[in-house]
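Below: the structure, in structure tokens.
The values are calculated or read from the model by the stated rules, or taken from the named source; none is laboratory data. Everything numeric here is computed off the predicted structure, so don't read it as measured data. When we count neighbours, we look across all protein chains shown, and the Cβ atoms used for this are built from the backbone with ideal geometry, even at glycine. Side chains included, ligands, DNA and RNA excluded: accessible areas come from the protein's heavy atoms. Shrake-Rupley method; radii C 1.70, N 1.55, O 1.52, S 1.80 Å.
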Amino acid sequence: MPEPMRAAVRHRYGPPEVLEIRAIDRPDCGPDQVLVRVHATTVNRTDCAVLMAKPFIMRPMTGWIHPKRATTGTDFAGEVVAVGAEVDEFEIGDRVWGFHDEGLSSHAEYLVAGRRENVAKMPAGVSFVDAAASLEAAHYAANFVKRLQVHQGDRVLVNGASGAIGSAVVQLLKNKGVIVTAVCGTANIPRVETLNPDEIIDYEREDFRQTSTRFHAVLDAVGKSSFGRCRHLLLPRGVYISSELGWGCQNPLLALMTPCLRGKVVRFPLPTNIAASMQQMGALLTEGKFAPLIDRQYPLEEIRDAFGYVLTGEKCGNVMLTFDAN
């Protein structure tokens with residue numbers, strides 16, 4: 001008989017209340033897959049989009065009418081407990097991590113994953129929690145920083161520096177020698193200070209758009225501003241990037257239009273090459289040059305609360321689900 005496991009399950013799109021913790025059959029390991037016991041995973045903005053199928057453009061990936069995957073979750077860190085007959089790069093007992101933005105069903109005690117899901121051995125000496133917190137948001141951050149094309153000594157403003165993406169962006173930029181101005185709320189200033197930005201603007205006391213400094217790039221990691229509102233902050237050939245589509249999907253449209261004007265431009269990078277991002281983050285974790293910002297940790301039974309907290313937009317860094325992680 002199949003062994004049972006606990007998992008977060010839903011069969012329709014909706015708010016966190018559609019999720020239930022159920023005992024379901026542990027998945028079988030295919031010939032080209034590994035079976036992983038999950039120790040830590042995140043509840044992130046991608047998970048929220050998959051949960052509710054918002055924006056609507058998520059549905060070609062997640063299912064037009066009903067979710068393709070009953071169990072949520074896009075990233076994980078855990079331990080290999082079984083390997084398929086065709087798998088030779090992993091062994092039972094290996095500590096592994098992985099991410100796939102279309103879903104991995106990782107909000108469960110066990111999952112199966114293959115080469116398509118970007119599974120790799122974890123960097124040595126890194127905890128399951130820190131590894132899982134260095135995947136989804138860090139992947140987007142790495143792609144955004146790559147598209148900024150900034151260099152040592154350039155100035156960049158990061159709006160939403162206390163979020164999972166924003167905090168990763170700040171660290172990646174500092175590793176490149178960039179001069180970073182971080183924007184966050186009053187309560188999160190102590191946490192953002194640990195990221196060593198060159199300047200912090202408290203948006204609750206000061207409108208960052210009123211600063212006299214001009215930047216090579218402005219990166220809005222929370223999607224709460226716009227190119228129009230930030231354009232005056234950019235140097236003549238400055239770059240604006242947002243993590244969101246923007247009102248009326250303006251950011252992808254402006255990304256097509258502004259390069260033709262040969263001045264200040266909008267870029268809207270579609271995150272690609274997860275394997276490369278994992279390799280980059282693994283090296284930074286090993287070298288002690290990256291430390292994911294972690295806000296709260298929840299047990300699986302409180303996953304509704306975890307999703308609800310992420311949806312408030314008030315989290316500082318990553319929100320974790322843990323299963324006896326260490």
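With protein chains left intact and a 1.4 Å probe, residues in the chain average 46 Å² of accessible area per residue. Highest average first, the peptides 269-278, 292-301 ordered by how many other beta carbon atoms sit within 10 Å of their residues are 292-301, 269-278.
Rounded to the nearest 20, the size of the Cβ-charge dipole of the range 208-326 about its Cα centre is 1020 debye, with Lys and Arg at +1 and Asp and Glu at -1. Taking amide H atoms as placed 1.01 Å from N in the peptide plane, the amide H of D220 lies under 5 Å from those of N159, I241, S242, S243, each 5 or more residues away in sequence or on another chain. Computed about the Cα centre, the dipole magnitude for the chain is approximately 1580 debye when only Lys and Arg (+1) and Asp and Glu (-1) carry charge, each at its Cβ. Which one, Q279, T258, F307, is farthest towards the positive end of the dipole of the chain when Lys and Arg carry +1 and Asp and Glu -1 on their Cβ? Checking the options against the dipole of the chain, the answer is T258. Highest average first, the peptides 64-73, 123-132 ordered by how many other beta carbon atoms sit within 10 Å of their residues are 123-132, 64-73. Does the range 141-267 come out rounded, prolate or oblate by the C-alpha gyration tensor, with a ≥ b ≥ c the root eigenvalues, rounded set by a/c under 1.5 and, if not, prolate when a/b is larger than b/c and oblate if not? Prolate shape, in that a/c is at least 1.5 and a/b is the bigger ratio. To test your reading of the geometry: what angle, between 0 and 90 degrees and rounded to tens, separates the Cα axis of helix 274-286 from the longest principal axis of the chain? Tilt relative to the chain: about 80 degrees. Positive contributions from Lys and Arg (+1) and negative ones from Asp and Glu (-1), summed over other residues with Cβ under 14 Å from the Cβ of K289, come out at 0. Short-range pairs are left out: with C-alpha atoms under 8 Å and at least six residues apart, the relative contact order of the chain is 19 percent. Averaging Cα coordinates gives a centre for the range 1-66 and one for the range 71-93; these two points are 17 Å apart. In the structure shown, the pairs K68/K289; K176/K264; K146/K315 are assessed against 28 Å; a Cα-Cα span above that value is assigned to K68/K289.
Taking Y309, Y240, Y203 and ordering them by how much accessible surface each has at a 1.4 Å probe, largest first, produces Y203, Y309, Y240. Figure legend: label point modelled 7 angstrom from the Cα of E3 along Cα→Cβ; residues of the range 103-117 with amide N under 11 Å from it are 110. Normalised by the number of residues in the range 171-300, the mean separation of alpha-carbon contacts (under 8 Å, six or more apart) gives a relative contact order of 17 percent. In a simple Cβ point-charge model (Lys, Arg +1; Asp, Glu -1; nothing else charged), the range 141-267 has a dipole of about 560 debye relative to its Cα centre. Highest mean packing first, where packing is the average number of other Cβ atoms within 10 Å per residue, the peptides 192-199, 21-28, 85-92 line up as 192-199, 21-28, 85-92. First measure r as the distance between the Cβ atoms of D207 and T286, then evaluate 1/(1 + (r/R0)^6) with R0 = 56 Å and state the FRET efficiency to the nearest 0.05. The computed FRET efficiency comes out at 0.90. Of the residues F56, F208, ranked by 1.4 Å probe accessible area with the largest first, the sequence reads F56, F208. Can you tell me how the range 31-75 classifies by the Cα gyration tensor, rounded, prolate or oblate, using a/c under 1.5 as the rounded cut? Taking the square roots of the gyration eigenvalues as a ≥ b ≥ c, the range 31-75 is oblate.
The residue among A221, Y240, M320 whose Cα reaches farthest toward the positive pole of the charge dipole of the chain, with charges on the beta-carbon of Lys, Arg, Asp and Glu, is Y240. Probe radius 1.4 Å, ligands and nucleic acids ignored: give me the carbon and sulfur share of the accessible area of the range 141-267 as a rounded percent. Carbon and sulfur together cover 50 percent of it.
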